[in-house]
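Working notes, beginning with the structure itself.
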Amino acid sequence: MSLRSPLGRARGLGSAKQGVHHFWVQRVSSAALVPLSLWFVFSVARLHGADYAAVKHWVSAPSVAVALVLFLATLFYHSMLGVQVVIEDYVGHEGARLASLVLSKFVHAILAAASIFAVLKVALG
Amino acid sequence: MSTPSSAPNRPLSPFMLGQYYRFQLTSVLSFLHRLTGVGLSLGAALLALWLIALAGGPWMYAAVARHLTAWYGQVLLFGFTWALMYHLGNGIRHLVWDFGYAFSMKAVYAGGYIVAAASLLLTAAVWALAYAI
Ligand code: HEM
């Protein structure tokens, strides 16, 4: 029997049974980010001193473009999940918490879409 | 008797730090994982800006690259490199814990030292590759 009032439940102040999913996708994205991040950082280090044309040439290689898209998608997903936990921990006021959670999701989605589109534009254009 | 109030009239936690709270490797590394995580999220926005500028053409790219290649940009990128290497190493430590391993005090400290050392070595390797090779 639940001692929670129907209003309490409706406002979502209890388990919505999404914790396990959040935990799991956070771990899966972490595992994927290990090789992707190492690849990215060492590749960009080798681009040191490269001009616009050279960077464009690098991004245009099909294998690089695909790896970049995977990296960006995983990175922004993982970041979105991570920032969500930080907001939930520190923002106490219910309205401010909801607003910052939604804002964080929007910003992450916009940055992910824009950066992936940029890679595709360079690679295909 | 204490009554719950929205503004407690007593010292809050920061005043405990240093004076009454002894720092330990474990708590500092845990805190750094969160700090680097949030820092890297800002770094991800910078990465998006760099790619968008690249797609925007040579003019837009030059406007962004000018700052990234300046000394302050390089310092920032060096910081992001270390943050990523630390967060990555400590993230693997988290994943090992999630599988139920390395929970003894000895293993927790050993893992902490390994991750700290590896983050410095990897950062040095990345920048050696950029500047020396
Ligand atoms: C590439 C850019 C990355 C960004 C922007 C990022 C961002 C974040 C953020 C904001 C958090 C939340 C911090 C917290 O709750 O204290 C987090 C947590 C986490 N990150 Fe990352 N991260 C990145 C890469 C990685 C990598 C490569 C790994 C490798 C294993 C990783 C593993 C983890 C783990 C395991 C957690 C959860 C820690 C916990 O349970 O407290 N992250 N990340």
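Every number in this text was worked out from the coordinates using simple rules, so none of it is lab data. Quick caveat: nothing in here was measured; it's all calculated off a predicted structure. So basically every Cβ, Gly included, is an ideal-geometry build from the backbone, and we count neighbours across all protein chains shown.
The table below gives the values:
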item: Net charge of Cβ neighbours under 15 Å - reference A:Pro62; Lys, Arg +1; Asp, Glu -1; result: +2
item: A:Asp51 long-range amide H proximity, modeled H, under 5 Å; result: none
item: Overall form of chain B per C-alpha gyration tensor (a/c, 1.5; a/b vs b/c); result: oblate
item: Segment B:Tyr131-B:Tyr101, extension gain: residue separation times 0.36 nm, minus the distance between their alpha carbons; result: 6.9 nm
item: Cross-link partners of A:Lys105 among lysines (Cα-Cα below 30 Å; sequence separation of 8 or more within a chain); result: A:Lys17, A:Lys56, A:Lys121
item: Relative contact order %, chain B, counting alpha carbon pairs below 8 Å whose residues are six or more apart; result: 27
item: Farthest toward positive dipole pole in the protein assembly as shown [+1 Lys/Arg, -1 Asp/Glu at C-beta], among A:Tyr90, B:Gly57, B:Tyr131; result: A:Tyr90
item: Ellipticity estimate at 222 nm from DSSP helix runs (n ≥ 4, -39,500 (n - 2.57)) divided over chain B, nearest 500; result: -26500 deg cm²/dmol
item: ³J(HN,Hα), Karplus 6.51/-1.76/1.60, whole Hz, each residue of the stretch B:28-37, x for Gly, Pro; result: 5, 5, 5, 5, 5, 5, 5, 4, 5, x
